[in-house]
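Visitor: First the structure, then my questions, so here it is.
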Amino acid sequence: MSLRLGNTAPDFTIDSTVGTIRFHDWLGDSWCFFFSHPADFTPVCTTEMGRTAQLSRQFAERNVKPLGLSTDSAAEHLRWIEDVNDTQNCQLEFPIVADENFEVAGLYDMIHPGESETAAVRSVFIIDPNKKIRLTMTYPMSVGRNFDEILRAIDALQASDKNGCAMPADWRAGDKVIIPPSISNEDAKGMFPNGWEELRPYLRLTEI
Ligand code: BEZ
């Protein structure tokens, strides 16, 4: 059965570019951006790895550890990282899992035979410090992911956890947020001291 939002992210122990990773221990109290790739030395993947490395400060500011995966060996990954650094003008330091036997790809349902029998699709799992899966995305091999959206979604999840709010379409950090209908006006007064704009009784917007 595929993994669903709210499930505990399956734990695993596996080789990586920084040695053996025991996933839950490695994660500690951080969030995780766990993302898979079809293969090393491929063009779209090279740009995605580079973009993740370029955004290392933005991930760290959000207490997020990036973790890549592809189904090649750690030695191959390490050779590929040299190309990523050279071509994408970055210094890639986050680990890449070496899932040569598809163990983790199987656990996380990253092989979609309609795309490929032998390579992982571009899966994203955003995992919180309680090891719960909070958001998933799946992209085909031909389409690189949008890293603005990945950071935006992490911002939205973290702001929602902190404030009990929900985010409107295309929300970005700093925009107004939604007071969920499950929160009464009485309770909202304590939770959202800036007050709110009520477009409909079920659509209340506020600033956090
Ligand atoms: C790529 O990363 O460019 C790629 C990998 C596998 C299939 C298609 C594209």
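Visitor: For Glu100, project a label point 7 Å along Cα to C-beta. Then give me every residue of the stretch 54-88 with its amide nitrogen under 16 Å of that point.
Guide: Taking a point 7 Å out along Cα→Cβ of Glu100, the residues of the stretch 54-88 whose backbone N falls under 16 Å are 70-80.
Visitor: Explain nothing, just the number: relative contact order of the stretch 162-208, from Cα pairs under 8 Å at least 6 residues apart, as a whole percent.
Guide: 39
Visitor: Of all accessible surface on the stretch 1-131 at a 1.4 Å probe, what whole percent is carbon and sulfur?
Guide: 45
Visitor: Would you mind calculating the gained length between Lys162 and Glu197 on full extension (0.36 nm times residue separation, minus the Cα-Cα distance), in nm to one decimal?
Guide: Length gained, Lys162 through Glu197: 10.5 nm.
Visitor: List the residues, sorted by chain then number, that are 5 or more residues from Ala120 or on another chain and whose placed amide H is less than 5 Å from its amide H.
Guide: Distant-sequence amide H within range of Ala120: Thr71.
Visitor: Which shape class applies to the stretch 114-208: rounded if a/c is under 1.5, otherwise prolate when a/b exceeds b/c and oblate if not, where a ≥ b ≥ c are the square roots of the Cα gyration tensor eigenvalues?
Guide: Taking the square roots of the gyration eigenvalues as a ≥ b ≥ c, the stretch 114-208 is prolate.
Visitor: I'd like to check one number: the per residue accessible area of the stretch 131-180, probe 1.4 Å, reported in Å² as a whole number.
Guide: 49
Visitor: I need the peptides 27-33, 164-170 ranked by packing, meaning the mean over residues of other C-beta atoms within 10 angstrom, with the highest value on top.
Guide: 27-33, 164-170
Visitor: Between Lys176 and Val18, with labels modelled 7 Å along Cα→Cβ, what's the label distance in nm to one decimal, could you check?
Guide: That separation, rounded to one decimal, is 4.2 nm.
Visitor: Shape verdict for the stretch 164-206, please, from the Cα gyration tensor: rounded (a/c under 1.5), prolate (a/b greater than b/c) or oblate.
Guide: Note, shape of the stretch 164-206 comes out prolate.
Visitor: Quick one: compute the contact order of the stretch 66-193, relative version, from alpha carbon pairs under 8 angstrom and 6+ residues apart, as a percent.
Guide: Relative contact order comes out at 14 percent.
Visitor: Taking only the alpha carbons of the chain, what extent do you get along each of the three principal axes, in Å, biggest first?
Guide: So the extents along the principal axes, rounded to whole Å, are 58, 38, 33.
Visitor: While we're on this one: Which value at 222 nm does the chain reach when only helices count, each DSSP H run of 4 or more adding -39,500 (n - 2.57), with the total divided by all residues and rounded to the nearest 500 deg cm²/dmol?
Guide: -9500 deg cm²/dmol
Visitor: Could I ask something else about it? For the chain, take the longest principal axis of its alpha carbons; what is the angle in degrees between that and the long axis of helix 43-54, to the nearest 10 within 0 to 90?
Guide: For helix 43-54, the angle is close to 60 degrees.
Visitor: Given the whole protein assembly as supplied and a 1.4 Å probe, what does the accessible area of Asp25 come to in Å², nearest 10?
Guide: The accessible area of Asp25 comes to roughly 120 Å².
Visitor: Would you work out what percent of the accessible area of the stretch 164-206, with all protein chains in place, is carbon or sulfur (probe 1.4 Å)?
Guide: 52
Visitor: Just to be sure I understand the model, the point goes 7 Å from the Cα along the line to the Cβ. What's the resulting Ser116 to Ser30 distance in nm?
Guide: Calculated label separation equals 2.6 nm.
Visitor: A follow-up question, please. Counting Lys and Arg as +1 and Asp and Glu as -1, each charge on the Cβ, what is the dipole of the stretch 13-147 about the Cα centre in debye, to the nearest 20?
Guide: 640
Visitor: Cut-off under 15 Å on the C-alpha distance; same-chain residues fewer than 8 positions from Lys162 excluded. Which aspartates and glutamates are left, in chain and number order?
Guide: Asp128, Glu207
The values are calculated or read from the model by the stated rules, or taken from the named source; none is laboratory data. The structure displayed is predicted, hence computed values, not measured ones. Glycine gets a Cβ as well: all are built from the backbone with ideal geometry, and neighbour counts include every protein chain shown. Side chains included, ligands, DNA and RNA excluded: accessible areas come from the protein's heavy atoms. Shrake-Rupley method; radii C 1.70, N 1.55, O 1.52, S 1.80 Å.
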